[in-house]
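Quick note: the coordinates plus some simple rules give every number you see, no bench work behind them. The structure displayed is predicted, hence computed values, not measured ones. Ideal geometry is used to build each Cβ from the backbone, glycine not excepted, and the neighbour counts take in all protein chains shown.
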Amino acid sequence: MIKILLVEDHTHTRQLLRTLLEMEGYYVIIPPAPNPQSILSLVQAEHPPLMILDAHLQEFSGFDVLASLQQLDPNRRPKVILTSGEDLGLESELAGADAFLLKPFAPQQLFYLIQKLNARDSL
């Protein structure tokens, strides 16, 4: 079972994504009080291979989290799918995200990216 760290501040979106991911057999971890340092600590403790990260959180930016992740050993760093309601594809790539999803997106788009990133890890 693949662990996925889900960092999304909109309650409805977070609950919907959690349900969809769990129905597909993923183990979803949600940070209790998200901030860049607590997310980094959770990544170090749980070692999730994948993170779904909202680019625009209430207290901070998903780009802050991406910058924090750069401190980690590349072999211990999760693959990151950055999500946003605005097209930040280029910015997310430059900041170190592995993939970008423009909201709203279909669940199939998310599952495709998860499978693609997971397959890349197993090469």
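The table below gives the values:
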read-out	value
Dipole magnitude of region 1-65, debye to nearest 20 (Cβ charges: Lys/Arg +1, Asp/Glu -1, about Cα centre)	140 debye
Peptides 103-112, 72-81, 4-13 ordered by average Cβ neighbours within 10 Å, highest first	4-13, 72-81, 103-112
For region 71-123, the Rg and Dmax computed from alpha carbons only, in angstrom	11.7, 32
Selected from Leu16, Leu88, Leu102 as most flexible by GNM, with the chain as the system and alpha-carbon contacts under 10 Å	Leu16
Region 46-104 - share of DSSP beta bridges that are antiparallel (%, nearest 5)	10 percent
DSSP H segments from the chain that extend 20 Å or more along their own axis, Cα-based, with Kyte-Doolittle mean of -1.0 or above	107-121
For Lys103, distant residues with modelled amide H under 5 Å away	Ser84, Gly85, Glu86
Value at 222 nm in deg cm²/dmol, rounded to 500, when DSSP H runs of n ≥ 4 in the chain each add -39,500 (n - 2.57)	-13000 deg cm²/dmol
His56 long-range amide H proximity, modeled H, under 5 Å	Gly62
FRET E, pair Glu91, Glu22, Förster distance 41 Å, beta-carbon r, rounded to 0.05	0.85
Diffusion coefficient, µm² s⁻¹, Stokes-Einstein with Kirkwood Rh over alpha-carbon pairs of region 46-104 at 25 °C and 0.890 mPa s	213 µm²/s
Simple label model, 7 Å out from Cα along Cβ direction - Ala67 to Lys103, nm	2.1 nm
Extreme residue, positive dipole direction of the chain, given options Thr13, Met1, Pro32 (C-beta unit charges)	Met1
Contact order normalised by residue count of region 46-104, Cα under 8 Å, 6+ apart, percent	35 percent
Unit charges on C-beta of K, R, D, E only; dipole of region 49-123, Debye	360 debye
Extension reserve of the His47-Asp9 stretch, reckoned as 0.36 nm per residue once the Cα distance is removed	11.6 nm
